[in-house]
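Engineer: Shown below is the structure under consideration.
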Amino acid sequence: MDQPREALARRRELRGLSQRNAAQAAGVNFTTYQKWESGVSSPYPNNRRRLAQVLDVTLHELDALLGGETKEAGGHERGLGVEAQAVRASIPGLRRAFDRLDLPDDGPTRPVAALHVDVAVASDDRLQARYADLAEKLPDLIHEVARACLANDADARRGAAGLMTLLLRAADGVAFKFGYLDLSARLIDLMRTKAEQAEDRLMLAAVAYVRTETFFASRDLDAAARALELAIDGARNLPTTGGDAALGALHMRAAVVAGRSGKHDRAAEHLAHARYRAAMVEEGVYQGTAFGTASLRIHELAVAAELHDVAGIRRAAAWAPPGSLPAERRSHYYIDLARAQLHLGRHGDSSRSLRAARVAAPEHTRGHPQVRTTLTALLDEARNPGADLLELAEWIGPRTSAFGVLR
């Protein structure tokens, strides 16, 4: 017999919402939402992020409200990898560090030049999807850089503010990937403040790139496009190679927004601008953002997938991202490719792409909502799922069962 989800109903009531209001805010019909609360069915992966926002909870907390997170012997959460458990355990310490940016813990403070090395390692941890390592080291490093931000020397303060911007971006990589959307939004605001204190226009352009996450989560694509257009205007005529990379990355991001909005011409225009800038720089990481011809090709696939551009998808499928690219970016490529191949009815290829994403960056793949959406569709459409697909579903976790039924 189906068990009503009383905790889910209580949380909705605490938010002052009726079932009909909650359904509308979550973007589903009233009957669907009623089934969620009555325990008849569960939200699909692509609904969960929106529902979490409506209820003002993390994805992890939403799973608890849905009764989907259970514990195995030893207290480990079934369906969560060891790395994911380590990240979740670190969140309270991270929140405390952010609460005390102006009142950091006492301790020694190295010169900005010495701190730069550790911040670079933290940024690389984010790019390579080493989330547990990153989450463990961030609190102490944030406190130390926060102390450096209080230095008497103005140049030292500006340098420390730039480092803090990169650290906050690294932390946002953890928060956003693991569903702490409230924390992610706060970190992006803090990033903008610190970039302004650093008086670094390149850093401000990087913050604008990251800020798009907030609009993606809220599905406010018009605001995302406006924010990026303003950032592009502000990034024109920036000096050095870093300026070309910053402007190219913003156009690359704007192309994805245009693609999601179904604006073919605007997407093509932004991609053309990005290609022009990519031809002027080496593939690399600029102010925390990977940019170059290979990164651009990954975004071209993302745009083709959004627009259901069959020719563009086929061109992308004939290429593979080089191993020199950050693991997180390579994983993104295969996740987008899997989604595109699903739409083309190439289910076997889609499954193989999901496995390639897993090899590139396991925890990034495991926690990515698009992976769950694609995998659920593959399971739903498979009459007799193969062993590889079932193993992938088991690895993703108990929220995706053998035939696409989410429990």
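The values are calculated or read from the model by the stated rules, or taken from the named source; none is laboratory data. Everything numeric in this text was worked out from a predicted model, so none of it was measured. Note: ideal-geometry Cβ built from the backbone for every residue, glycine included; neighbour counts use all protein chains shown.
Engineer: Which one is nearest to the chain's Cα centre (by Cα), of the residues in region 2-20 that are closer than 16 Å to LEU66 by Cα and part of a loop (DSSP other than H, G, I, E, B)?
Structural biologist: Across region 2-20, the extreme among qualifying residues is ARG5.
Engineer: Please enumerate the residues belonging to region 140-183 that are touching a Ser or Thr at 6+ places or on another chain (Cβ under 8 Å) and of a type in the set (D, E, K, R).
Structural biologist: Matches in region 140-183: GLU144, ARG147, ARG169, ASP172, ASP182.
Engineer: Out of ARG277, ARG314, report the one residue that is modelled with pLDDT under 95, of a type in the set (D, E, K, R) and over 21 Å from the mean Cα position of the chain (by Cα).
Structural biologist: ARG314
Engineer: Considering only region 145-168, how many residues are in a helix (DSSP H, G or I), buried (at least 21 other Cβ atoms within 10 Å of the Cβ) and not hydroxyl-bearing (Ser, Thr, Tyr)?
Structural biologist: Of the residues in that region, 12 qualify.
Residue-wise test of (1) buried (at least 24 other Cβ atoms within 10 Å of the Cβ); (2) within 26 Å of ARG355 (Cα to Cα).
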| residue | (1), (2) |
| --- | --- |
| ALA254 | yes, no |
| ARG266 | no, no |
| ALA279 | no, no |
| THR293 | no, yes |
| ILE298 | no, yes |
| LEU301 | yes, yes |
| ARG314 | no, yes |
| PRO326 | no, yes |
| SER331 | yes, yes |
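Engineer: Do the conditions hold for MET191, that is, is it modelled with pLDDT of 95 or more and touching a Leu at 6+ places or on another chain (Cβ under 6 Å)?
Structural biologist: yes
Engineer: When the residues of region 11-44 are filtered to those that are over 17 Å from LEU59 (Cα atoms) and charged (D, E, K, R), which remaining residue is modelled with the lowest pLDDT?
Structural biologist: Within region 11-44, the match that is modelled with the lowest pLDDT is LYS35.
Engineer: Turning to a different aspect of this structure: Could you go through region 237-244 and let me know if any residue there is part of a helix (DSSP H, G or I) and under 23 Å from the mean Cα position of the chain (by Cα).
Structural biologist: No, region 237-244 contains no residue that is part of a helix (DSSP H, G or I) and under 23 Å from the mean Cα position of the chain (by Cα).
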